[in-house]
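Step one of this worksheet: look at the structure below.
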Amino acid sequence: MLLFFLVISAGCIIIDLPLLKQKSRTRDRLVWLLFWAMGIAAVYCSLNKIKVPSPLYLVMIIYRPVNSLFESWF
């Protein structure tokens, strides 16, 4: 099953890559590759039922110190 998704994603990469080469912008290619890698990782985690922590925990880790700082100021 994973091989099937990798073949589909490789086909999409072959279609999209010439469009990115025309622009010749390194940053666009880097973002494009990161999104592809995250998508493949998400498919892999969902197929193998790997539990991934929620991104909400990151927001809570950032929010708590900032919130306590503002509480001490006001």
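Suppose R0 equals 30 Å. What FRET efficiency, 1/(1 + (r/R0)^6) with r the Cβ-Cβ distance, do Leu47 and Ile13 give to the nearest 0.05?
0.95
Putting +1 on Lys and Arg Cβ atoms and -1 on Asp and Glu Cβ atoms, find which of Trp36, Val7, Ile50 reaches farthest to the positive end of the dipole of the chain.
About the Cα centre, the residue reaching furthest to the positive side is Val7.
At 0.36 nm per residue, and after removing the present C-alpha to C-alpha distance, how many nm does the segment from Val31 to Met60 gain when stretched out fully?
On the way: separation 29, 0.36 × 29 = 10.44 nm, distance 2.56 nm.
Gain on extension, Val31 to Met60, equals 7.9 nm.
Of the listed values [x] 34, 33, 21; [y] 55, 36, 10; [z] 41, 22, 18, identify the label whose number matches Cα extents along the principal axes in Å calculated from this model.
[y]
Given Cβ point charges of +1 (Lys, Arg) and -1 (Asp, Glu) and nothing else, what value in debye, to the nearest 20, does the dipole of the chain about its Cα centre take?
So the magnitude is around 180 debye.
What does the helix-only formula give at 222 nm for the chain: each DSSP H stretch with n ≥ 4 adding -39500 (n - 2.57), the total divided by the residues, and the result rounded to the nearest 500 deg cm²/dmol?
Mean residue ellipticity, 222 nm, calculated: -29000 deg cm²/dmol.
A short reminder: the numbers here are calculations on the coordinates, not readings from a lab. Remember, predicted model here, so these are calculated numbers, not experimental data. No Cβ is skipped: glycine too gets one built from the backbone with ideal geometry, and neighbour counts run over all protein chains shown.
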